[in-house]
Ligand SMILES: O=C(O)CCC(=O)C(=O)O
């Protein structure tokens, strides 16, 4: 589109509606939220928010900053919950003001921050606002499907012998996780869910739109490039230099593409509830029926997207897990839940589900028996889903650019966990 045509579209959009991001829920709840904040000592926040509601963009920034400080004043679980809603509320005010100025990109960024860092009270309204602002931004920046050719993340087969050298010692030499094509729900329940036995399920995600769409960088950029996402930067979350950043999805896609060939630090979009945040990507996946066999409840859907060589160190989670491999390949190693003591969990509460053993660099003096422990492993191929029973230890390394989705669910009798 020529500059003048793009300007004309932008002008039309800015003037085509009343330029207002409507927020009926926020409008009706504002005083209740402010009262709760004031009870927590947030008078300055309440003053700034009132100014923001009257159209003062600096006051909206200041209110967002004040709430941000509260969110970072101690461990995440000790934050008074109303401050999370206060953060979303400040983000919403800021977004409204950017939107009114035709600054849709900045409005979307503020709304994403509200979703990623804020509470649940305004979640539906933030999502609706994102949808509206995204339509404007897509039209303004001419991001529609222009029939560009695909830019594939993964196009070649890997050299297994070469890859094997980068895997932890003894990999793929003992017991492989069994692979079952089109496993029936009854067989899954009987042979895996109830007995706590891992399995790789084949041919059960061929119908996901993601299977034909997510290996294309242009598709992902088109639907979500202007969204803000949290990423992890560094070797893995147990390393001291590891950090988290908030970047646009476009920036993340660029880093992922270049990370395959350069030595820049690994950026991993890991354990993020991306599908609660970006509805277009949620429509590309389907919750596997296996997740409902035990009568439990879905706990979270997480995205794990990054270049080759991301590592999630050995750890366990409390829930049933199906890790679905949409793009690329991963190496996964599993140790039974019964081996917990032998795997030397960290003593700090925050890390007590992670092992002190670095499988990529085993300290045999400190952990002399590790190499004797039985494990199962596999290369999880595109289109396969791995069932990891609760509390089973797992180590995961990507062998190519890789995009996986994990589905965590609870047992029926543990619904109040
Ligand atoms: O894919 C990964 O890097 C880790 C996945 C994982 O730890 C999980 O699904 O719980």
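Readers should treat all values here as calculations from the given coordinates under stated rules, not as data from a laboratory. Everything numeric here is computed off the predicted structure, so don't read it as measured data. In this analysis, Cβ positions are derived from the backbone assuming ideal geometry, glycine residues included, and neighbour counts consider all displayed protein chains.
Results, tabulated for the structure shown:
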{"item": "Dimensionless Rg/Rh of region 324-387 - Kirkwood Rh, Rg from C-alpha atoms", "result": "1.03"}
{"item": "Residues residue 32 and residue 190, FRET efficiency given R0 of 35 Å [Cβ-Cβ distance, rounded to 0.05]", "result": "0.10"}
{"item": "DSSP beta bridges in the chain [antiparallel fraction, %, rounded to 5]", "result": "90 percent"}
{"item": "R0 of 30 Å, Cβ-Cβ distance residue 161-residue 128: FRET efficiency to nearest 0.05", "result": "0.05"}
{"item": "Label-zone membership for region 375-411, site residue 169, 7 angstrom Cα→C-beta point, backbone N under 20 Å", "result": "375-378, 394-397"}
{"item": "Kirkwood-type radius of region 160-414, with distances r between different C-alpha atoms, in Å", "result": "18.8 Å"}
{"item": "Relative contact order %, region 160-414, counting alpha carbon pairs below 8 Å whose residues are six or more apart", "result": "28 percent"}
{"item": "Under 17 Å from the residue 411 label point (7 Å along Cα→beta-carbon), backbone N, region 288-304", "result": "291-299"}
{"item": "For 219, 290, 43, 87, order by how many other beta-carbon atoms lie within 10 Å, fewest first", "result": "43, 219, 290, 87"}
{"item": "FRET E, pair residue 292, residue 58, Förster distance 60 Å, beta-carbon r, rounded to 0.05", "result": "0.75"}
{"item": "Distance from region 345-377 to region 75-108 (C-alpha centre basis), Å", "result": "41 Å"}
{"item": "Hydrodynamic radius by Kirkwood, which averages 1/r over all alpha carbon pairs of region 158-269, in angstrom", "result": "17.8 Å"}
{"item": "Simple label model, 7 Å out from Cα along Cβ direction - residue 73 to residue 39, nm", "result": "1.6 nm"}
{"item": "Equivalent-ellipsoid semi-axes of region 3-140, from the Cα gyration tensor, Å, largest first", "result": "29, 14, 12"}
{"item": "Label-point gap, in nm, between residue 361 and residue 176 - each point 7 angstrom along Cα→Cβ", "result": "3.1 nm"}
